[in-house]
Amino acid sequence: MPDRVNDANWSLAMTLAWITDRSEPAVINIKNRQWRPTQAVIDDLLSALRSGSLVGHGMFEGERIPHPIETAVWSTFEVIVRSVMLAGNVFFPSLGTSIAIAQRMGSPHTQLLDVTVPAAKVKKLWPVATPTAAAETRCQAYLIAEMQRTPNRAPKPKAAILADCRLRFPGLSERGFDRVWTHAIATTGAHWSRGGRPRRHRTSSAT
């Protein structure tokens, strides 16, 4: 993978890693860590492919020569990320390497094989992030994962979560934290703003 980061074309997994962290180390290390992009990152990639601002090349099952994938095709396809382990030439589900699969939505789940996109175009559409922007991106992914894990109540007060996140993600400002906090709540629907889902109060009838 270290040599592939300099390839003219990247796989979908490499592209998703770049969009997530905007750094070459993230692309290089996708095989060496448990990693999964957020749905927002996958949606960003699909939006670029469906609009034509990013052109992918690949093959349908049964084809042998890669070719440009038309934008209309992407409107019926989705990108699924799975963690697998390679044993010999066979992939097995595991907590290992993350791979991205382009498959048709609904049945039959036809797949696009060996999909690649131009690395230079990826970097142009999603430029290298400043340290502050990178911190916000990582914090947002972290908050979304935590909110999905415990959607009905925050594990601690917002101020404590802010302090924890500023230690986890150097360069994160309080204003930046507020931005990603709001976005994460909107994305997940979590009830973290007021400490949890409001409780229903019993009303007693007069006797």
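Here, each number is a calculation from the coordinates, and none is a lab measurement. Fair warning: this is a prediction, and the values are worked out from it, not measured in the lab. Using ideal geometry, Cβ is built from the backbone for each residue, glycine included, and neighbour counts are taken over all protein chains shown.
Some notes on this structure:
- Amide H to amide H, with H built 1.01 Å from N, Asn9 comes under 5 Å of Ala119, counting only residues 5 or more places away or on other chains.
- Rg and Dmax of segment 99-152, Cα atoms only, in Å: 16.6, 43
- Expected-Rg normalisation [2.2 N^0.38 Å, Cα atoms] applied to segment 4-125: 1.01
- Pair Ala120, Arg153: separation of 7 Å Cα→Cβ label points (nm): 5.6 nm
- Available extension along the chain between His57 and Asp178 is 39.7 nm, counting 0.36 nm per residue and deducting the alpha carbon span.
- Extending 7 Å from the Cα toward the beta-carbon at both Ala145 and Ala133 defines two label points whose distance is 2.3 nm.
- Burial ordering of Arg22, Arg64, Arg104, fewest other beta-carbon atoms within 10 Å first: Arg64, Arg104, Arg22
- The alpha-carbon atoms of segment 131-188 define a convex hull whose volume equals 66 cubic angstrom per residue.
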